Amino acid sequence: MSYTVPEKKNKIKASDMPMILFRVFLVMVFLSAFIAELNPARLSGLINRNVTLFTCATSYSTIGRWFVRSLNQGWIEQPPLTVTYIGALICALAIALVAAAFCLSLGNNKMRRLSITFSWGAAILGAIGTIVLLYAYTLFTDSPSPGRLEPILPMGIWVYLAMFVVLAVYALLLYLKLIKTEAEEQYELEPKYRLFLMILPFLALVLLFAYLPLVGWRYAFFDYTPGIPLAMDDFVGLQWFRFLFNNPAQRAQIVRVMRNTLALSGIGLATSWLPMLFAIFLSELRSVKFKRTVQTLTTIPNYISWVLVYGIAFAIFSTEGFVNWVLLNLGLIERGTNHLMDGSHMWIKMWAWGTWKGLGWGAIIYIASILSIDPQLYEAAMVDGAGRFKRMWHVTIPGLLPTFFVLLLLGISNVLSNGLDQYLVFENHANRTTIEVLDLYIFNLGLASGGSGNIPLSTLIGMLKSVISVTLLFGANRLSKFVRGETII
Amino acid sequence: MTRKTVHKAYFIKRSFGDWVFTLLNGAFFTLFTLLCTFPIYYLFINTISDNRLVQAGLINFFPVGIHFENYISLLGVSELINAAGISVARTVIGTLLMVLASAFVGYLVTQQKMLGRKVIYRFIIITMYFNAGLIPWFLNIMMLGLTNNFLGYIIPAIVAPFNIILVKTYIESLPKELEESAFIDGAGYFTVFRSIILPLCKPILATIAVFGAVGHWNSFVDSIILMGAEPRLYTLQHRLFMYLNMATNLGNLMETTGAIREQDLAAALNGRIISLTVSMVSIVPILMVYPFMQRFFQKGLMLGAVKG
């Protein structure tokens, strides 16, 4: 007989409210370091509008990069930049203290007192940092040619100053409210907070690398001048949407790219039963050793990258390669050519490479599923006189269909994502029109042209692609739930 | 009597069909296996044979005039040595951090006491199903100062949701008592993680380590996109990509213009041999860890394949 923990109600007590608000405030201050618009260190129009305080403080070269020309021309000396960097660094340290204060504020009374001490430290440090930045601003305006440096007093400085003042006052109010600690009280943190703090750094990483890019979708609504690295000029609203759908040349491009994308995905989906067949026939092999060898060797291609696949393709299909040697010796051709430069039948060729790479690997999951089919079913079928193919059709395939169905639905939701690697390596000027799938098109449009790519348009296309993909995934999930009563994600 | 004949007839008929089927089946799989392995063998013999024969395209089934000078000469190409160093460094460091993080996060999300455990788990896992797209991803990494920076290979890859699912599922399959008894003995979360969870999770960690290492070793698109201005940070596969492009384009130039300049020809043919040799060098580490993968992958795949 075990005791049961009574269900605890997570009711927020009114007396906790100030502390909770305090935590929220600390988090807001912390996050402000990652908002480019609030960067207090952007003291000159030359510093990019998208640089955050975090970036300014973590690398000195980030600031220096924008002033290379100004330094060369003698418009500015090194000191203002150094002072700016130091100011940013102090502000960032204050932000780090804010983070620490947040963590401590989750603890018991003694920890909260420490948290308040940290908050004061952060407020003082932050005030110093903003004052240093203000001083750096005067250095900018006093420089030999301020006009060229475009000195600005960023809104961020005042926001930061205000935040740190509020922090100090709030911490003081909390301090007055807190109960005095007893001498023997230990620092203590409830397990739920301790575990939360342990996972927090990883959540920060997820936030930084998986959620923060979503903020970049705003580029689809802005205009951007090539030459100035990623400085946004104007909000243009839906201009790029209109361009994408109304501009005839652009529309023709998209239609071509979508044709390639859907054709390649379509061929892939239409042949997605191949790994299942592969597994079924493989399991019919008698010799275990042979089976194992086949399975081992046919999965090798899955593990080599697409560059290496292209290396192999280059070895075999280029002018001096194996295929030409065979064709020459059969007398089918007179002179070797580079088959990789041949732009015909690209869809089938790409499918063939994908199958070469992925068939053995794709079969593994089915092989494992076959092993889990109840042998009694086979015995029963045999007693009923079912031959080999009848057994495959009536026992094995029904056993594999659930797996097949899940993979098919995932394939459908990935219909727009053919991946970039394969098409990037096989692409050349001869086959570009028929190989360019959506992923490659986005890459070529936005990044490949060496900094002069159309960032807004490629962002927009990528955004539409993501939205459609997620919709398809949820649609597939819904369908799966409806048909099989099971979800796939 | 009748029964016996029927059975016999059935047996004979079946064994003949069986024989044909087995033969055809075996032939198909032999062919496909050859199709998967011959190209790699072909690549290999072309890197160790007499270079003149290789350039004429005459090495097809057996190596002739075996030598290893191609490999030795690669050692003199400093950009390749550098690229190999970068590839090894990112593979080792990146895999190590990824595995440790996956193990730790996988362990933490099994702890029922955690504040907002379910929300946190979903917050991590849902990132598998959406992404902002290539351009925002790139701009984000750039904003964080990780372009043209070695850490750009490492940090974004530390948290791998799929691997976290694998570890979590694995830990949940372990007997709970081990952990509980350690807590009763006064161990903290870190101690339990280090001395109980980590040793018990070795099989699954080995699996994700091997897959992570292969992924790091094989990735080249991130090198192309993120490290554009810093050739010292190019990975081996990125270099290989450049060589292959160069070799293809040079060969094509000669074909289309017809006017063959001697240095072009030399460059193209040399490019061919260099590309093949670098390809081989890049494949070898994968073939070396391959036996380990064979041991682990079925288990790892099955665990994850059940759900997304």
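Here is how the numbers come out for the structure above:
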read-out	value
Helices (runs of 4 or more DSSP H) fully within region A:416-489 counting 2 or more residues that are within 24 Å of the chain's Cα centre (by Cα) and facing chain B (nearest Cβ under 8 Å)	A:421-426, A:438-443, A:455-484
Test: residue in region A:156-164 that is within 14 Å of another protein chain (Cβ to nearest Cβ), in contact (Cβ under 8 Å) with a residue 12 or more places away in the chain and not hydroxyl-bearing (Ser, Thr, Tyr)	no
Some residue of region A:343-363 being open to solvent by 70 Å² or more (accessible area, probe 1.4 Å) and either part of a loop (DSSP other than H, G, I, E, B) or at pLDDT below 85 (or both)	yes
Which numbered condition A:Ser105 misses (of (1) within 22 Å of A:Lys192 (Cα to Cα); (2) open to solvent by 30 Å² or more (accessible area, probe 1.4 Å))	(2)
Test for A:Leu328: is it modelled with pLDDT under 85, in contact with a Phe, Trp or Tyr (Cβ under 6 Å, 6 or more places away or on another chain) and not small (Gly, Ala, Ser)	no
Selection status of A:Leu400, within 23 Å of B:Phe61 (Cβ to Cβ) and more than 8 Å from chain B (Cβ to nearest Cβ)	no
Residues satisfying the stated conditions in region A:319-342, i.e. within 20 Å of B:Thr47 (Cβ to Cβ), assigned to a helix (DSSP H, G or I) and open to solvent by less than 30 Å² (accessible area, probe 1.4 Å)	A:Asn324, A:Leu340
Scope region B:46-76; condition assigned to a loop (DSSP other than H, G, I, E, B) and either in contact (Cβ under 8 Å) with a residue 40 or more places away in the chain or among the charged types (D, E, K, R) (or both); matching residues	B:Asp50
Residue check for B:Gly76: surrounded by 13 or more Cβ atoms within 10 Å (Cβ to Cβ) and either on the phi < 0 side of the Ramachandran plot or acidic (Asp, Glu) (or both)	no
Options A:Leu172, A:Leu125; residue that is open to solvent by 40 Å² or more (accessible area, probe 1.4 Å), modelled with pLDDT under 90 and under 19 Å from A:Val29 (Cβ atoms)	A:Leu172
Some residue of region B:50-58 being among the acidic types (Asp, Glu) and within 11 Å of another protein chain (Cβ to nearest Cβ)	no
Residues satisfying the stated conditions in region A:267-293, i.e. within 36 Å of the chain's Cα centre (by Cα) and free of Cβ contacts under 8 Å to residues at least 60 places away in the same chain	A:Ala270, A:Leu277
Search result, residues across region A:108-122 that are assigned to a helix (DSSP H, G or I) and open to solvent by 10 Å² or more (accessible area, probe 1.4 Å)	A:Asn109, A:Lys110, A:Met111, A:Arg112, A:Arg113, A:Leu114, A:Thr117, A:Phe118, A:Trp120, A:Gly121
Residue ID - nearest to A:Pro144 (Cα to Cα), chosen from residues in region A:48-84 that are polar (S, T, N, Q) and crowded, with 18+ Cβ neighbours inside 10 Å	A:Ser70
Flag for A:Arg388 being open to solvent by 20 Å² or more (accessible area, probe 1.4 Å) and closer than 20 Å to A:Ala252 by Cα	no
Pair list, Cβ < 6 Å and 6+ apart or interchain, from region A:471-489 residues that are free of Cβ contacts under 8 Å to residues at least 12 places away in the same chain to residues that are of a type outside the set (Gly, Ala, Ser) and assigned to a loop (DSSP other than H, G, I, E, B)	A:Lys481/A:Thr487
Considering residues of region A:272-297 that are among the basic types (Lys, Arg) and either assigned to a helix (DSSP H, G or I) or touching a strand residue (DSSP E or B) at 6+ places or on another chain (Cβ under 9 Å) (or both) only, the residue farthest from A:Gly354 (Cα to Cα)	A:Lys289
Hey, B:Gly188 over 29 Å from B:Leu80 (Cβ atoms), surrounded by fewer than 16 Cβ atoms within 10 Å (Cβ to Cβ) and at the interface with another protein chain (Cβ under 10 Å from one of its Cβ atoms) or not	yes
Among the candidates B:Ile125, B:Ile135, B:Ile154, B:Ile164, residue that is surrounded by fewer than 20 Cβ atoms within 10 Å (Cβ to Cβ), assigned to a helix (DSSP H, G or I) and either in contact with a His (Cβ under 6 Å, 6 or more places away or on another chain) or at the interface with chain A (Cβ under 10 Å from one of its Cβ atoms) (or both)	B:Ile125
Residue that is among the small types (Gly, Ala, Ser) and modelled with pLDDT of 85 or more, where the choices are A:Ala448, A:Ala386, A:Ala380	A:Ala380
Wholly within region A:46-91, helices (runs of 4 or more DSSP H) carrying at least 2 residues that are closer than 21 Å to A:Ala127 by Cβ and within 14 Å of chain B (Cβ to nearest Cβ)	A:53-58
Flag if A:Ile152 is at pLDDT below 85 and open to solvent by 50 Å² or more (accessible area, probe 1.4 Å)	yes
Residue ID - farthest from B:Val284 (Cα to Cα), chosen from residues in region A:279-298 that are within 8 Å of another protein chain (Cβ to nearest Cβ) and open to solvent by less than 20 Å² (accessible area, probe 1.4 Å)	A:Leu285
Residues being modelled with pLDDT of 80 or more and crowded, with 16+ Cβ neighbours inside 10 Å - total across region B:60-73	1
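Residues checked against (1) out of contact with any Ser or Thr (no Cβ under 8 Å at 6 or more places or on another chain); (2) modelled with pLDDT of 90 or more:
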position	(1), (2)
B:Asn131	no, no
B:Pro136	no, no
B:Leu146	yes, no
B:Asn149	yes, no
B:Tyr153	no, yes
B:Ala157	yes, yes
B:Pro161	no, yes
B:Ile164	no, yes
B:Leu174	yes, no
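Conditions (1) under 40 Å from the mean Cα position of the chain (by Cα); (2) at the interface with another protein chain (Cβ under 8 Å from one of its Cβ atoms), marked per residue:
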site: A:Arg335; (1), (2): no, no
site: A:Leu340; (1), (2): yes, yes
site: A:Met346; (1), (2): yes, no
site: A:Lys349; (1), (2): yes, no
site: A:Ala352; (1), (2): yes, no
site: A:Thr355; (1), (2): yes, no
site: A:Ala363; (1), (2): yes, no
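The values are calculated or read from the model by the stated rules, or taken from the named source; none is laboratory data. Computed from a prediction, not measured in an experiment: that's the story for all the values here. Methodologically, a virtual Cβ is constructed for each residue, glycine included, from the backbone with ideal geometry; neighbour enumeration extends over all protein chains shown. Just so you know, the surface numbers come from the protein's heavy atoms only, side chains and all, with ligands and any DNA or RNA stripped out. Shrake-Rupley method; radii C 1.70, N 1.55, O 1.52, S 1.80 Å.
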